[in-house]
Amino acid sequence: MTMPAAPPADSFATRREEPVFGRLAIIGIGLIGSSIAHAAKAFNLAGEIVLADRDEAVRQRARELGLGHRIAESAAEAARDADHIILCVPVGACGTVAAEIASALKPGAILSDVGSVKNAVVEAVTPHLPQGVHFVPAHPVAGTENSGPDAGFSSLFLDRWCILTPPEGADENAVTRTRQLWEGMGAIVEVMTPQHHDLVLGITSHLPHLIAYTIVGTAEDLAAVTQSEVIKFSAGGFRDFTRIAASDPTMWRDVFLHNKDAVLEMLGRFSEDLSLLTRAIRYGDGETLHRHFTRTRAIRRGIVALGQEKPETEKLRKS
Ligand code: NAP
């Protein structure tokens, strides 16, 4: 397998002299929204950071945490006069929120999002875009299993990929400034089409989550048989699945509902490969198993070589 070039070894962010944007609006104060707020403040990426969330308890918590410079009462209020607006809500809510803020967007503003699925978000948001507003969708490939305003931290995006999927003919300046924002947070930016994004993330992220949700669910169903030994002996591989399967249920429901075709395609291939391994086990075909495991070990080593696996402590030290 050919591995892509490794990102620069030390691409972590430093505080900018001049902000990228005058006013940055963040709609949805969860893990990603609060992390952007922390990072944008820490690295001086916007003159003013305004946040909004539909839930008053979340807005209150954001005030207590000192997120951004101001908490607005509504998404439209946050978006008014903003230069860059990021939708940090579940994929299925992006269209609704875009409709809510459309009349508040000023000409020349850049609307973006962080959705883990791109094609469905582009289709849902585009009809609401006012004339003169640029749309540059983004997906930071970074996260944890935690949600909510307390979950965010400024170093979440350090040395992580952020994929931009601007529409054909998108305003170059809008794409450049969106890139600068993500690079300012320490991310490594790549540009691709929404369709390609959904296919790639279908195999690298969505399918693994589906498998983790399935395995942990199956183990839970077997709890009576195993007498809770599932938890006791979890270090045998199961523990890593439980971390992934603890991810936000709303977010992941939306991912599967909105990347249906790519996930079903990947699931079909996965089922075929699983059948091959099942057959090898059934017929004692050790050679097939060994060949397969040798190939997959090389992929793991490639990921480590690309710097996409590192201890959390190392990331936090850089914040
Ligand atoms: P999160 O922690 O659950 O936060 C989402 C926030 O959006 C919550 O405060 C939620 O409020 C709010 N919200 C939901 N519907 C809304 C609406 N219609 N109007 C206004 N606010 C609304 O989720 P997250 O992990 O930050 O994910 C946000 C986005 O980032 C998703 O699109 C996800 O695909 C993407 N993403 C996530 C990760 C990850 O690992 N978590 C990584 C990359 C990208 P309520 O609590 O009231 O519902």
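Which of the numbered conditions does I203 fail, given that it passes all the others? Conditions: (1) modelled with pLDDT of 80 or more; (2) more than 30 Å from V121 (Cα to Cα).
(2)
Here is a list of conditions, (1) touching a helix residue (DSSP H, G or I) at 6+ places or on another chain (Cβ under 7 Å); (2) within 30 Å of L129 (Cβ to Cβ); (3) within 15 Å of the ligand (Cβ to nearest atom), and A245 meets all of them except one; can you say which number that is?
Of everything listed in (1) touching a helix residue (DSSP H, G or I) at 6+ places or on another chain (Cβ under 7 Å); (2) within 30 Å of L129 (Cβ to Cβ); (3) within 15 Å of the ligand (Cβ to nearest atom), A245 misses just condition (2).
Can you confirm whether region 8-31 contains a residue that is out of contact with any strand residue (DSSP E or B) (no Cβ under 7 Å at 6 or more places or on another chain), touching a residue at least 40 places away in the same chain (Cβ under 8 Å) and assigned to a helix (DSSP H, G or I)?
Within region 8-31, one or more residues are out of contact with any strand residue (DSSP E or B) (no Cβ under 7 Å at 6 or more places or on another chain), touching a residue at least 40 places away in the same chain (Cβ under 8 Å) and assigned to a helix (DSSP H, G or I).
Can you tell which of A151, A57 is surrounded by fewer than 21 Cβ atoms within 10 Å (Cβ to Cβ), under 20 Å from A187 (Cα atoms), of a type in the set (A, V, I, L, M, F, W, C) and within 12 Å of the ligand (Cβ to nearest atom)?
A151
Evaluate the following for S11: is it among the polar types (S, T, N, Q) and at pLDDT below 95?
The answer is yes for S11.
Can you tell me which residue among I110, I85 is within 15 Å of the ligand (Cβ to nearest atom) and touching a residue at least 12 places away in the same chain (Cβ under 8 Å)?
The unique qualifying residue is I85.
Can you work out which of the residues in region 113-137 that are buried (at least 20 other Cβ atoms within 10 Å of the Cβ) and of a type in the set (D, E, K, R) is farthest from H209 (Cα to Cα)?
D113
What do you reckon, is P140 farther than 27 Å from H196 by Cα, crowded, with 18+ Cβ neighbours inside 10 Å, modelled with pLDDT of 95 or more and not polar (S, T, N, Q)?
no
Residues are listed down the side, and each one gets a yes or a no for (1) free of Cβ contacts under 8 Å to residues at least 40 places away in the same chain; (2) out of contact with any Pro (no Cβ under 9 Å at 6 or more places or on another chain); (3) surrounded by 10 or more Cβ atoms within 10 Å (Cβ to Cβ):
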position	(1), (2), (3)
E272	yes, yes, no
A280	yes, yes, yes
H290	yes, yes, yes
R295	no, yes, yes
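Provide a single number: the residues in region 154-194 that are closer than 25 Å to P90 by Cβ, in a loop (DSSP other than H, G, I, E, B) and more than 16 Å from the ligand (Cβ to nearest atom).
Going through region 154-194 one residue at a time, the tally reaches 4.
List, please: which pairs have Cβ atoms under 9 Å, are six or more places apart or on different chains, and start with a residue in region 113-130 that is closer than 18 Å to L257 by Cα and end with one that is basic (K, R) and more than 12 Å from the ligand (Cβ to nearest atom)?
Here the result reads A120/K260, each pair linking region 113-130 to a residue that is basic (K, R) and more than 12 Å from the ligand (Cβ to nearest atom).
Name the residues in region 248-265 that are of a type in the set (A, V, I, L, M, F, W, C) and within 15 Å of the ligand (Cβ to nearest atom), would you?
The answer is M251, W252, V255, F256, L257, A262, V263.
Among the strands (runs of 3 or more DSSP E) contained in region 32-125, which hold 3 or more residues that are small (G, A, S)?
Ranges flagged: 46-52.
In this structure, does H197 turn out to be buried (at least 18 other Cβ atoms within 10 Å of the Cβ), in a helix (DSSP H, G or I) and touching a strand residue (DSSP E or B) at 6+ places or on another chain (Cβ under 6 Å)?
yes
Specify the residue that is nearest to the ligand (Cβ to nearest atom); the eligible residues are those in region 31-53 that are within 15 Å of R70 (Cα to Cα) and in contact with a Cys (Cβ under 8 Å, 6 or more places away or on another chain).
So the residue we want is G33.
The values are calculated or read from the model by the stated rules, or taken from the named source; none is laboratory data. Note that the structure is predicted; figures quoted are calculated from it, not measured. Every residue, glycine among them, receives a Cβ derived from its backbone with ideal geometry; neighbour counts consider all protein chains shown.
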